[in-house]
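Asker: Questions regarding the structure given below will be posed in turn.
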Amino acid sequence: MTQQYENQKGKSDSNRESTDSVPEDVMGALNRVNENTWDIPTSRLRGMRVPGRIFLSEKLLSSIDLATIDQIANVSMLPGILDYSMAMPDVHLGYGFTIGGVAAFDPQEGVISPGGVGFDINCGVRLMKTNLTREDVVPHIKTLTESLFHKIPSGVGSKGQFRVNDTQLTDAFLHGSEWAVESGYGIEDDTKNCESAGFMKGGNPEKVGVKARQRGRPQFGTLGSGNHFLEIQYVDKIYDPVAAAAYGLYEGQVNVMIHCGSRGAGHQICTDHLQNLNEAVKKYKIDIPDKQLACAPAESKEAQDYYEAMICGANYAWANRQVIMHWTREVFENFYGKDVDELGMKLLYDVAHNVAKYETHTVDGKKKDVYVHRKGATRAFPAGHPEVPQHYRDVGQPVLIPGSMGTPSFVLKGGPRSMELSFGSACHGAGRVMGRGQAKSNMSGEAIREELARQGITVRADKPSVIAEEAPSVYKPSDEVVDVVDQLGIANKVARLIPIGVIKG
DNA sequence: ATGTTC
């Protein structure tokens with residue numbers, strides 16, 4: 001870390017007392033470009049190759065601190081970064097890169113960095129529809145929530161209902177949710193309604209270490225902990241009737257949202273390759289302002305090894321969400337005595353929140369293949385993009401934005417300006433404003449559970465501390481975050497979803 | 001986020 005960085009960090013700490021108003025140093029670090037766009041000029045820190053850019057409303061400005069701004073600036077120092085080091089309105093401090101960060105790199109001049117993906121590789125969200133109404137479900141919500149809690153293992157270190165063998169694990173690393181569907185955990189349509197059709201090509205299980213395999217095997221089909229959840233929600237508002245019709249959403253409809261990732265497997269893949277990349281930084285003499293930005297030239301063996309292992313982690317996560325959705329269907333089938341078809345339990349879509357991808361974008365007016373890192377950011381391809389499934393192509397890719405526990409989630413569609421503004425990316429959620437530790441010591445999980453119960457939301461968690469960590473008040477309001485990307489035309493609102501039953505790890 | 005602070 002540079003001396004300059006330390007000085008600024010100190011300054012920000014001393015200002016933290018005056019919370020509600022935006023600290024002067026935050027204002028001083030940003031140049032306002034328009035209503036929802038703020039730039040960090042390259043003059044801020046020595047070594048910035050491109051400016052930083054935060055998509056944010058004035059209202060949310062107080063949720064940003066100087067340490068977050070400097071992480072965005074630090075990323076702009078990485079070789080081969082294109083256009084801007086970007087951040088979404090749900091941005092907050094992360095490992096090296098912010099959560100809510102988007103950064104694209106030239107494949108020849110640029111780098112690949114695990115910090116730009118995160119430890120939970122392909123943490124993501126899927127939304128499954130039903131044809132049940134709120135009235136069909138609310139009277140039974142306690143029973144349903146309880147059944148789901150028992151069917152789907154959750155919590156830190158939770159073990160699954162079945163153990164995949166080594167061959168199956170390799171298949172999952174290579175073929176993601178396609179493997180899960182072929183193994184009987186789903187229906188053929190499921191993979192069509194998924195980003196990248198449920199798996200990325202190019203995974204190489206030989207780049208996944210023994211430890212990652214050991215951790216991954218027993219955790220298959222588990223939810224995990226932290227902000228991960230399974231929610232029964234209902235559609236309470238439609239903003240865009242045409243898009244809603246194309247997605248099959250209508251007011252009063254009950255849906256299930258599943259938010260989880262690659263569990264210990266992805267975590268171990270990230271940890272292992274960070275070690276290699278720490279060495280690569282020295283070997284290739286890359287000047288990085290923060291050790292957490294470990295990276296290697298995109299075409300180097302070290303970077304490609306990580307990328308091939310990361311794909312395995314991403315595919316594991318897609319298979320994991322697929323298996324969890326399958327068990328959710330079984331719970332509903334048993335409860336209502338109807339099958340999946342009769343219950344209309346179709347997958348609307350599944351998106352990755354933490355992943356790096358080789359994609360085609362327009363840079364300086366020319367088509368170019370780049371490595372886009374999305375860490376706490378959602379792909380949001382617009383109408384007409386060839387990667388959007390045929391049946392959604394006229395509307396745009398579904399963009400699923402979970403709220404924090406007890407607050408609304410949103411379905412958006414990829415907006416007309418996402419390709420020009422943000423490498424086809426939008427926000428991924430509400431975004432924390434308070435750290436986990438602080439939340440745990442400040443909040444009572446049991447009190448929050450009772451308050452949510454008064455609001456008609458049944459929460460079933462592994463332990464109360466998880467509820468405290470994820471209290472709605474430790475997050476930015478999801479509606480304000482979503483409004484920013486909506487107003488920018490990065491992704492446009494289609495429907496709002498209100499939780500009624502929540503399973504947490 | 002995480003076999004919870006290498």
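The values are calculated or read from the model by the stated rules, or taken from the named source; none is laboratory data. What you see is a predicted model; the values in this text were computed from it and never measured. Cβ coordinates were reconstructed from backbone atoms using ideal geometry, including for glycine residues, and neighbour counts include every protein chain displayed. We work out accessible area using only protein heavy atoms, side chains counted, and drop any ligands, DNA or RNA first. Shrake-Rupley method; radii C 1.70, N 1.55, O 1.52, S 1.80 Å.
Asker: Any residue in the stretch A:285-306 that is open to solvent by 40 Å² or more (accessible area, probe 1.4 Å) sitting within a Cβ distance under 6 Å of a residue that is not in a helix (DSSP H, G or I)? List the pairs, counting only those 6 or more apart or interchain.
Answerer: A:292/A:95; A:292/A:96
Asker: Output the qualifying pairs, or none if there are none: Cβ atoms under 9 angstrom, residues six or more apart or on different chains, first residue in the stretch A:413-438 and without any contact (Cβ under 8 Å) to a residue 60 or more places away in the chain, second residue open to solvent by less than 10 Å² (accessible area, probe 1.4 Å) and in a loop (DSSP other than H, G, I, E, B).
Answerer: Pairs found: A:419/A:381; A:434/A:471.
Asker: A further question on this structure: Which ones in the stretch A:201-218 are within 30 Å of residue A:149 (Cβ to Cβ) and surrounded by fewer than 24 Cβ atoms within 10 Å (Cβ to Cβ)? Steps first, answer last, please.
Answerer: The first filter runs over the stretch A:201-218 and keeps only residues within 30 Å of residue A:149 (Cβ to Cβ), leaving A:211-218.
A:211, A:213, A:214, A:215, A:217, A:218, listed by residue number.
Asker: Suppose we filter the stretch A:370-411 for residues that are over 18 Å from residue A:55 (Cβ atoms), at pLDDT 95 or above, in a loop (DSSP other than H, G, I, E, B) and open to solvent by 10 Å² or more (accessible area, probe 1.4 Å); how many remain?
Answerer: 10
Asker: Show the residue pairs meeting these rules: Cβ distance below 9 Å; 6+ apart or different chains; first residue within the stretch A:353-364 and free of Cβ contacts under 8 Å to residues at least 40 places away in the same chain; second residue open to solvent by less than 20 Å² (accessible area, probe 1.4 Å) and small (Gly, Ala, Ser).
Answerer: Note: no pairs meet the criteria.
For (1) more than 16 Å from DNA strand B (Cβ to nearest atom); (2) in contact with a Ser or Thr (Cβ under 8 Å, 6 or more places away or on another chain); (3) of a type in the set (Phe, Trp, Tyr), each residue gets a yes or a no:
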| site | (1), (2), (3) |
| --- | --- |
| A:60 | yes, no, no |
| A:64 | yes, no, no |
| A:82 | yes, no, no |
| A:95 | no, no, yes |
| A:98 | no, yes, no |
| A:108 | yes, no, no |
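Asker: Contact list please: Cβ distance under 6 Å, first residue in the stretch A:388-399 and over 16 Å from residue A:190 (Cβ atoms), second residue among the aliphatic types (A, V, I, L, M) and open to solvent by less than 20 Å² (accessible area, probe 1.4 Å), pairs at least six apart or on different chains.
Answerer: So the pair list comes out as A:395/A:243; A:397/A:388; A:399/A:380; A:399/A:412; A:399/A:426; A:399/A:491.
Yes/no per residue for (1) of a type outside the set (A, V, I, L, M); (2) modelled with pLDDT of 95 or more; (3) part of a helix (DSSP H, G or I); (4) within 14 Å of DNA strand B (Cβ to nearest atom):
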residue: A:120; (1), (2), (3), (4): yes, yes, no, yes
residue: A:126; (1), (2), (3), (4): yes, yes, no, no
residue: A:131; (1), (2), (3), (4): yes, yes, no, no
residue: A:137; (1), (2), (3), (4): no, yes, yes, no
residue: A:144; (1), (2), (3), (4): no, yes, yes, no
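Asker: Right, next: Can you find a residue that is assigned to a loop (DSSP other than H, G, I, E, B) and farther than 24 Å from residue A:388 by Cβ anywhere in the stretch A:184-199? Write out each step before concluding.
Answerer: Just the residues of the stretch A:184-199 that are assigned to a loop (DSSP other than H, G, I, E, B), to begin with: A:184-188, A:193-194, A:199.
Among the residues that remain, those that are also farther than 24 Å from residue A:388 by Cβ are: A:184-185.
Within the stretch A:184-199 (the criterion being assigned to a loop (DSSP other than H, G, I, E, B) and farther than 24 Å from residue A:388 by Cβ), the answer is yes, since at least one residue qualifies.
Asker: Let me ask something else about it. For residues that are loosely packed, with under 14 Cβ neighbours inside 10 Å and of a type in the set (Phe, Trp, Tyr), tally how many sit in the stretch A:138-178.
Answerer: 1
Asker: Residues being of a type in the set (Gly, Ala, Ser), part of a helix (DSSP H, G or I) and within 14 Å of DNA strand B (Cβ to nearest atom): count how many of those fall in the stretch A:428-452. Reasoning before the result, please.
Answerer: Applying the first criterion (of a type in the set (Gly, Ala, Ser)) to the stretch A:428-452 yields A:429-431, A:435, A:437, A:439, A:441, A:444-445, A:447.
Okay, now just the ones that are also part of a helix (DSSP H, G or I), so A:437, A:439, A:441, A:445, A:447.
Still in the list and also within 14 Å of DNA strand B (Cβ to nearest atom): A:437, A:439, A:441, A:445.
Qualifying residue count, the stretch A:428-452: 4.
Asker: So which residues in the stretch A:469-485 are more than 14 Å from DNA strand B (Cβ to nearest atom) and either without any contact (Cβ under 8 Å) to a residue 40 or more places away in the chain or surrounded by 22 or more Cβ atoms within 10 Å (Cβ to Cβ) (or both)?
Answerer: Quick first cut of the stretch A:469-485, residues more than 14 Å from DNA strand B (Cβ to nearest atom) only: A:473, A:477-485.
The answer is A:473, A:478, A:481, A:482, A:484, A:485.
Asker: Can you tell me which condition residue A:222 does not meet? The list is (1) under 25 Å from residue A:120 (Cα atoms); (2) away from DNA strand B (no atom under 16 Å from the Cβ); (3) open to solvent by less than 30 Å² (accessible area, probe 1.4 Å); (4) hydroxyl-bearing (Ser, Thr, Tyr), and all the others hold.
Answerer: (2) is the only condition that residue A:222 fails.
Asker: Would you point out the residue of the stretch A:251-266, among those that are assigned to a loop (DSSP other than H, G, I, E, B) and either more than 8 Å from DNA strand B (Cβ to nearest atom) or among the hydroxyl-bearing types (Ser, Thr, Tyr) (or both), that is surrounded by the fewest Cβ atoms within 10 Å (Cβ to Cβ)? Please lay out each step first, then the result.
Answerer: Quick first cut of the stretch A:251-266, residues assigned to a loop (DSSP other than H, G, I, E, B) only: A:251-252, A:261-262.
Going one step further and asking which of them are either more than 8 Å from DNA strand B (Cβ to nearest atom) or among the hydroxyl-bearing types (Ser, Thr, Tyr) (or both), we end up with A:251-252, A:262.
Details: A:251: 14, A:252: 12, A:262: 33.
Going through the qualifying residues, I end up with A:252.
Asker: Give the stretch A:267-315 a look and list any residue that's away from DNA strand B (no atom under 16 Å from the Cβ), farther than 26 Å from residue A:214 by Cβ and in a helix (DSSP H, G or I), or say none.
Answerer: A:281, A:282, A:283, listed by residue number.
Asker: While we're on this one: For residue A:73, only one of the following conditions fails: (1) surrounded by 22 or more Cβ atoms within 10 Å (Cβ to Cβ); (2) modelled with pLDDT under 95; (3) touching a Lys or Arg at 6+ places or on another chain (Cβ under 8 Å). What is its number?
Answerer: Result: residue A:73 fails condition (2) only.
Asker: Among the listed residues A:185, A:234, A:247, identify the single one that is of a type in the set (Ser, Thr, Tyr), at pLDDT 95 or above and open to solvent by less than 10 Å² (accessible area, probe 1.4 Å).
Answerer: One residue alone meets the criteria, A:247.
Asker: Between a residue in the stretch A:251-271 that is within 30 Å of residue A:305 (Cβ to Cβ) and any residue that is open to solvent by less than 10 Å² (accessible area, probe 1.4 Å) and among the hydroxyl-bearing types (Ser, Thr, Tyr), which pairs come within a Cβ distance under 6 Å, given they are 6 or more apart or on different chains?
Answerer: From residues that are within 30 Å of residue A:305 (Cβ to Cβ), the pairs are A:262/A:316; A:265/A:316.
Asker: Could you grab the pairs with beta carbons closer than 9 Å, sequence gap of 6+ or different chains, first residue in the stretch A:49-67 and in contact (Cβ under 8 Å) with a residue 60 or more places away in the chain, second one basic (Lys, Arg)?
Answerer: Final answer for the pair search is A:60/A:476; A:63/A:476.
Asker: Would you check if there is a residue in the stretch A:473-490 being more than 30 Å from residue A:387 (Cα to Cα) and more than 20 Å from the chain's Cα centre (by Cα)?
Answerer: Pass one, the stretch A:473-490, residues more than 30 Å from residue A:387 (Cα to Cα): A:473-477.
Adding the requirement that they be more than 20 Å from the chain's Cα centre (by Cα) leaves none.
Within the stretch A:473-490, not a single residue is more than 30 Å from residue A:387 (Cα to Cα) and more than 20 Å from the chain's Cα centre (by Cα).
Asker: Please indicate, with yes or no, whether at least one residue in the stretch A:216-225 is in a loop (DSSP other than H, G, I, E, B), out of contact with any His (no Cβ under 7 Å at 6 or more places or on another chain), aromatic (Phe, Trp, Tyr) and under 20 Å from residue A:318 (Cα atoms). I'd like the intermediate steps shown before the answer.
Answerer: Keep residues of the stretch A:216-225 that are in a loop (DSSP other than H, G, I, E, B), which gives A:217-225.
Now restrict to residues that are out of contact with any His (no Cβ under 7 Å at 6 or more places or on another chain): A:217-225.
Keeping just the survivors that are aromatic (Phe, Trp, Tyr) gives A:220.
Now narrow it down to the ones that are under 20 Å from residue A:318 (Cα atoms): A:220.
Within the stretch A:216-225, one or more residues are in a loop (DSSP other than H, G, I, E, B), out of contact with any His (no Cβ under 7 Å at 6 or more places or on another chain), aromatic (Phe, Trp, Tyr) and under 20 Å from residue A:318 (Cα atoms).
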